[in-house]
Amino acid sequence: MSIKPEEDRDSAPWWEAVRRHELTVQRCEGCGTPRFPARAVCNRCRSLEYTWVPARGTGRVYSWIVNHQVFARPMAELVPFPVLLVRLDDGDDLLMYGNLVDGDAAELREGLPVEAVFADDDEGATVVQWRPRR
Amino acid sequence: MRGFRDRTAIAGVGYTGFSKDSGVSTLTLAARAILAALDDAGLTVDDVDALATHRVGDSTPPWVVAPALGVPEVRWYLDQFGGGSVSHSVIAQAAMAVASGVAETVVCYRAINARSEFRMGGTGRAPAPVFDMQYQAPYGYFAPPQQFAMFARAHMNAYGTTHEQLGRIAVTQRANAVKNARALKRDPITLDDYLASRWIAEPLRLLDCCLETDGACAVVVTSRERARDLRHTPVLVSGAAWGGGDSFFSGAGSGPSGTDFTVTEAARIAPRLYAMAGVGPEDIDVAELYDCFTYSVLVQLEDYGFCAKGEGGPFVESGATALDGALPVNTHGGFLSEGYVHGINHVAEAVSQLRGTAGDRQVPGAEVALSTAQPGYVLAGTSALVLRSDR
C-alpha cells in the first residue's frame with residue numbers, strides 16, 4: 001500500500017522503532033500502565049513522563065474486515081484484502097491495525113493468535129503486519 | 001437536570017433537492033436551504049441574528065454565508081469542526097445560545113456536495129491527516145465503510161448479530177423512503193436484494209451504506225415564545241446532550257466501555273439526554289437514528305436503551321422499527337435511502353413527524369422524537385436531541 005504513515009511528534013519514536021523492526025509501546029513512568037497509540041500523557045495517573053519499552057510482538061485478532069472497494073488507486077491490485085484489529089498480549093487496551101500476511105481471510109476468527117512482522121517498502125517506509133501463529 | 005428543557009423550539013425546516021451532482025456551490029446550497037427554512041417558519045433573513053454549521057473542510061462557513069445573505073447583524077455564530085458525530089450538537093448549541101439570550105433566531109445548516117466534490121473517505125482526494133490515521137491508512141484502511149465494518153464485525157463476534165439482521169434495517173428504511181418524495185432511492189428492496197448486493201468491506205455490503213449526496217438542509221431555532229407566534233406548531237428542544245470522551249478510532253478508550261467496540265458513546269450520553277428531557281426510551285414515539293451504515297442504527301437501539309446490549313439484531317428482526325412497529329425508526333428512509341446530509345435531515349424529519357405533517361409516513365400521534373448523530377466511533381463523542389411537539 002503506497003499510503004505513507006504520517007507520524008507526529010509523539011509517535012516519531014514508535015515509527016523509528018518500527019523501522020528498526022522493533023515493536024514498542026509507551027510505558028507510563030507514573031503508574032506503569034502500557035499505552036498505545038502514542039500520547040503525551042497517561043489517562044489514568046496523568047503523568048507526562050514515559051518511556052518506550054519493547055512489546056511482546058504477539059496478540060489476538062479482535063475484529064477484521066475484508067476490503068473489496070477500491071477507495072484509493074493503490075488498492076486496485078490488492079483487493080480483496082483483510083485489515084485486522086489486534087489486541088496485543090501486553091494489555092487489553094492496546095490495539096493495533098495491520099494487514100494479514102502468510103494467512104487466509106477464511107481462517108480469521110476472534111481470538112486468532114497472531115504475531116507482528118515488519119514490511120519494508122522500496123522507499124524506506126516500514127509498517128507492522130500480522131501473521132497467524134502456527 | 002432540566003438544563004434548557006423546552007425553552008427553545010425549531011420553527012422552520014428547509015431543504016434543497018438531493019442529488020448526485022448539484023452542479024452548484026455549497027454556498028448556493030446553504031442559501032437555498034436557509035431561505036426555504038425561513039420561509040417555512042414565516043421569517044426572513046432580516047429576522048436572523050445567528051448562524052451555525054459544522055464541516056470538515058467541505059462546506060461554506062457562517063462568516064461567508066451571513067454576508068452573502070445580507071444578515072443585518074450576526075450576534076453569535078458557530079463554525080464547528082466535525083462530521084456526523086457533531087451534527088446534533090450544532091442545533092443543541094444554537095438552542096443554548098437562544099436560551100442564554102445571546103441570540104434570538106439561529107439558522108442551523110449543513111451544505112455539502114458529498115458526491116460531486118467531497119467524498120468521505122477520500123475517494124478522489126487524499127485522506128485527512130488526522131492523528132491516529134497514521135496507524136491505519138498505511139494498511140488501506142481509512143474510509144468510513146471500512147471502520148463501521150470493523151465495528152459491525154466486533155458486534156457479530158460478541159453477540160451473533162447476522163447479515164440478515166443488518167439487511168432488515170436497509171429493507172425497512174427503503175420501505176419508508178418509498179413514501180418520501182424527497183428520497184433519492186424509492187424502489188422497494190427485499191432481503192434477497194440486500195444479500196445480493198456487492199461487498200464494500202465485509203461484513204458490509206453496498207446496501208449497508210448511506211448515499212453520498214449533494215444537498216443542504218437547514219432548521220430555524222428560536223425561543224419557544226417566538227415560535228408560538230410563527231407559522232407552525234413549535235417543536236421544542238426538550239433534551240440535548242453531546243460529548244462522551246472515547247474514540248475507537250485507534251482504541252484509545254478511557255471510559256466505562258474501555259475498548260469494547262460494541263458499546264458507543266451514545267450509551268454514555270443517553271442518561272443525561274433523557275434526564276434533561278424528563279423522558280425515557282419508553283416515551284419515544286419515533287427515532288431518527290444516525291445511519292451512515294445499517295450497523296450504526298443497530299448499536300444505537302441498544303445504547304439509547306430500546307433493547308438490551310446485544311439484542312439489537314433480534315429487535316430489528318421483530319419488526320419493531322418499521323413504520324407500524326412499536327418504535328418507527330428513520331421514517332424518511334434515513335441516509336440509506338433519503339440522502340445523507342450528515343444528520344440535520346434526521347432533525348428535519350423529526351420536526352415533520354412532530355408537526356404531524358409527514359404525510360403517508362406519519363407516525364400517528366407522534367409527540368416525542370429522538371434524533372441522533374454518529375454514535376462516537378470517530379471523534380470521541382456524539383450528540384443527540386429529544387424533541388417534543390408543543391401542541
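Laboratory data are not the source of any read-out in this text; all were calculated from the coordinates shown. All values derive from a computational prediction rather than experimental measurement. All Cβ positions, even for glycine, are placed from backbone atoms using ideal geometry, and neighbour counts span all protein chains on display.
Consider the range A:28-51. How many of its residues are over 16 Å from A:M96 (Cα atoms) and not in a loop (DSSP other than H, G, I, E, B)?
Counting residues in the range A:28-51 that are over 16 Å from A:M96 (Cα atoms) and not in a loop (DSSP other than H, G, I, E, B) gives 3.
Residues of the range A:1-27 that are assigned to a loop (DSSP other than H, G, I, E, B) and within 14 Å of chain B (Cβ to nearest Cβ): A:M1, A:S2, A:I3, A:K4, A:P5, A:E6, A:E7, A:D8, A:R9, A:D10, A:S11, A:L23. Exactly one residue out of B:S22, B:S87 is closer than 30 Å to B:M276 by Cα and either in contact (Cβ under 8 Å) with a residue 12 or more places away in the chain or in a loop (DSSP other than H, G, I, E, B) (or both), and it is B:S87.
Scanning the range B:198-218 for residues that are within 14 Å of B:T294 (Cα to Cα), in a strand (DSSP E or B) and in contact (Cβ under 8 Å) with a residue 60 or more places away in the chain turns up B:L204, B:C209. Of the helices (runs of 4 or more DSSP H) contained entirely in the range B:266-325, those carrying at least 3 residues that are over 18 Å from B:V237 (Cα atoms) and more than 19 Å from the chain's Cα centre (by Cα) fall at B:312-317. A:D90 fulfils the conditions (1) crowded, with 18+ Cβ neighbours inside 10 Å; (2) closer than 23 Å to A:K4 by Cα except for a single criterion, (2). Here B:A9 does not qualify as touching a Phe, Trp or Tyr at 6+ places or on another chain (Cβ under 9 Å) and among the small types (G, A, S). Elements of the type strands (runs of 3 or more DSSP E) sitting completely within the range A:89-134 and holding at least 1 residues that are among the small types (G, A, S): these cover A:95-99, A:113-120. Applying the criterion of being in contact with a strand residue (DSSP E or B) (Cβ under 6 Å, 6 or more places away or on another chain) and more than 9 Å from chain B (Cβ to nearest Cβ) to the residues of the range A:55-81, the residue that is surrounded by the most Cβ atoms within 10 Å (Cβ to Cβ) is A:G59. Among the conditions (1) among the polar types (S, T, N, Q); (2) farther than 30 Å from B:R5 by Cα; (3) in a helix (DSSP H, G or I); (4) away from chain A (no Cβ under 14 Å), the only one that B:T60 does not satisfy is (3). Just one residue in the set B:A175, B:A149, B:A158 is surrounded by fewer than 18 Cβ atoms within 10 Å (Cβ to Cβ), within 14 Å of chain A (Cβ to nearest Cβ), in contact (Cβ under 8 Å) with a residue 12 or more places away in the chain and outside any strand (DSSP E or B); that residue is B:A158. Residues in the range B:70-86 that are farther than 19 Å from B:S383 by Cα and surrounded by 21 or more Cβ atoms within 10 Å (Cβ to Cβ): B:V71 only.
Just the residues that are aromatic (F, W, Y) and either buried (at least 23 other Cβ atoms within 10 Å of the Cβ) or within 14 Å of chain A (Cβ to nearest Cβ) (or both), please, taken from the range B:178-217.
Going through the range B:178-217, the residues aromatic (F, W, Y) turn out to be B:194, B:199.
If the condition is that a residue be aromatic (F, W, Y) and either buried (at least 23 other Cβ atoms within 10 Å of the Cβ) or within 14 Å of chain A (Cβ to nearest Cβ) (or both), then B:W199 is the only one that fits.
Only one of the numbered conditions (1) within 10 Å of chain B (Cβ to nearest Cβ); (2) of a type outside the set (F, W, Y); (3) farther than 30 Å from A:A105 by Cβ is not met by A:S47, and that is (1).
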